[in-house]
1. Within the range 4-29, can you find the residues that are part of a loop (DSSP other than H, G, I, E, B) and touching a residue at least 24 places away in the same chain (Cβ under 8 Å)?
2. Out of everything in the range 223-233 that is in contact with a helix residue (DSSP H, G or I) (Cβ under 8 Å, 6 or more places away or on another chain) and aliphatic (A, V, I, L, M), what residue ends up being surrounded by the fewest Cβ atoms within 10 Å (Cβ to Cβ)?
3. Consider only pairs whose beta carbons are under 6 Å apart and that are at least six residues apart or on different chains; among these, list those whose first residue lies in the range 249-271 and is touching a residue at least 60 places away in the same chain (Cβ under 8 Å) and whose second residue is small (Gly, Ala, Ser) and surrounded by fewer than 23 Cβ atoms within 10 Å (Cβ to Cβ).
4. Is there a residue being at pLDDT 95 or above and not in a helix (DSSP H, G or I) anywhere in the range 30-44?
5. Do you know which of the residues in the range 265-280 that are assigned to a helix (DSSP H, G or I) and touching a strand residue (DSSP E or B) at 6+ places or on another chain (Cβ under 8 Å) is surrounded by the most Cβ atoms within 10 Å (Cβ to Cβ)?
6. Within the range 236-250, how many residues are surrounded by 24 or more Cβ atoms within 10 Å (Cβ to Cβ), among the aliphatic types (A, V, I, L, M) and touching a His at 6+ places or on another chain (Cβ under 8 Å)?
7. Gln118 versus (1) touching a Phe, Trp or Tyr at 6+ places or on another chain (Cβ under 7 Å); (2) part of a helix (DSSP H, G or I): which is the lone unmet condition?
Amino acid sequence: MDINPVLDRLGLSGNARVVVFHADDIGMCQSTVTAYADLLAYGMLPAAAVMVPCPWFPAMGALARVQAGHARLDLGVHLTHTSEWQAYRWRPISIVDPASGLLDEEGYFHRLAAPFQQSAETEAVTQEMRAQVERALAAGIDITHIDSHMLALFHPRFLPAYLELANAYQVPALMFRAAAAEALASRYRIGAGFVDFVASLEDRGFPLFDHLHVMSLAEPEGRLEAAVRALEELPPGLSYFVIHPAEDTPELRAIAPDWRCRVADLALFSNPAWQKAVAAAGVHVVGFRVIRDLMRNA
């Protein structure tokens, strides 16, 4: 078995199962902010990432400032270059020139990753990434990592700038080892060269994940059973387990056709039965802060 060096640096054996439970899309709307506050208080969520261009990011920044010093406050920047909903949209914060390729015909981010990847200028993408990180820092967020909304940055044209940004701020960037990278390339139709690009990252000191699991945004029923099954099936290595928690509000229902799944994720991570299942599974739960520390101490 090809052992992830992160496990060794954490002082764990090569057959250990280590998992980061991660909440995406925080700050997208009001109900994600209150959901994050609830999960932070409950204590089952080790990491999350904020969407800086979205309307409710200022409220998320205010919450982070109030909770500064909280042992479980672990926030990254969910680098955002797409705006997927029909009637609820957001724009870049750094540039609004149509020539940048960042905007669709309505003047917002493209709804899907493919048109963004086809039209966006690399320099404009880099500028927008840095602007989002800087705004998060200015809001008082001690960022622990960066990742990519809808994996839009997982494209050979943008990956070098994505990883350069992580290196500049000395934070981990969500990225995967070879086997997971191959699966992602196939599932999300990531461009040729992606797998070759990530092959050398580990030698350069980047912490990489072995496995990815995303809780379905199409099946709200049986959430606990599905999560327990996924947890039991996690193989040895470092796993990234994604949820999209939100409170049930009229705003959320108006925005997101998949709102039931988002509400179900909040209920899941507030459920004592899930807490017991995680404890019984024999997995090591970590956040990004400890991985950031490993990276900075390397």
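The values are calculated or read from the model by the stated rules, or taken from the named source; none is laboratory data. What you see is a predicted model; the values in this text were computed from it and never measured. Don't worry about glycine lacking a Cβ; one is built from the backbone with ideal geometry, like all the others, and counts go over all protein chains shown.
1. Passing the criteria: Asn4, Leu10, Leu12, Gly14, Asn15, Ala16, Gly27, Met28, Cys29.
2. The extreme case among them is Leu224.
3. none
4. no
5. It comes out as Asp265.
6. Qualifying residue count for the region: 2.
7. Looking at each condition in turn, Gln118 falls short on (1).
Conditions tested, residue by residue: (1) among the β-branched types (Val, Ile, Thr); (2) touching a Cys at 6+ places or on another chain (Cβ under 8 Å); (3) within 23 Å of Val286 (Cα to Cα); (4) at pLDDT below 95.
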site	(1), (2), (3), (4)
Ala120	no, no, no, no
Ala136	no, no, yes, no
Pro160	no, no, no, yes
Phe176	no, no, yes, yes
